[in-house]
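The values are calculated or read from the model by the stated rules, or taken from the named source; none is laboratory data. Predicted model, so just to flag it, every value in this text is computed and none were measured. Using ideal geometry, Cβ is built from the backbone for each residue, glycine included, and neighbour counts are taken over all protein chains shown.
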Amino acid sequence: MADHRLQVLRDTMQALVADRRGDSVGLLELLRELERFHRQIEQGPFREALPDGRNALYQLLQDMERSGGWPYIPRPQLRSLLKMPETSPEHRN
């Protein structure tokens, strides 16, 4: 059941991205909402669901490591964004 709902969420997110393709402001809004949602889950339900015991917590950490670690939403450095127009095909001679 959860896998089906996650697939629906993935499909919805892909549709939202497709609707905003070429719209940097719209995509930025979507990224900000994803970051807010990530933070909300991490600081609320995830922390509440952490195991009480040391052994169970250790098992969770091992499982996280095996399955890819902590879900991180990286942010580009502002300098890398500023350099992008210099290297885009439309600005080359």
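Brief remarks follow.
- Residues of the stretch 24-59 that are part of a loop (DSSP other than H, G, I, E, B) and surrounded by 12 or more Cβ atoms within 10 Å (Cβ to Cβ): Pro51 alone.
- In the stretch 1-23, residue nearest to Pro76 (Cα to Cα) [restricted to those that are part of a helix (DSSP H, G or I) and among the small types (Gly, Ala, Ser)]: Ala18
- Residue match in the stretch 30-37 (condition: at negative phi, in contact with a helix residue (DSSP H, G or I) (Cβ under 7 Å, 6 or more places away or on another chain) and modelled with pLDDT of 90 or more): yes
- Scope the stretch 60-79; condition loosely packed, with under 10 Cβ neighbours inside 10 Å and either assigned to a helix (DSSP H, G or I) or touching a residue at least 60 places away in the same chain (Cβ under 8 Å) (or both); matching residues: Asp63, Arg66, Leu78, Arg79
- Annotation note: Cβ proximity below 9 Å between a residue of the stretch 30-59 that is in contact (Cβ under 8 Å) with a residue 24 or more places away in the chain and a residue that is surrounded by 11 or more Cβ atoms within 10 Å (Cβ to Cβ) and part of a helix (DSSP H, G or I) (sequence gap 6+ or interchain) occurs for Leu34/Met13.
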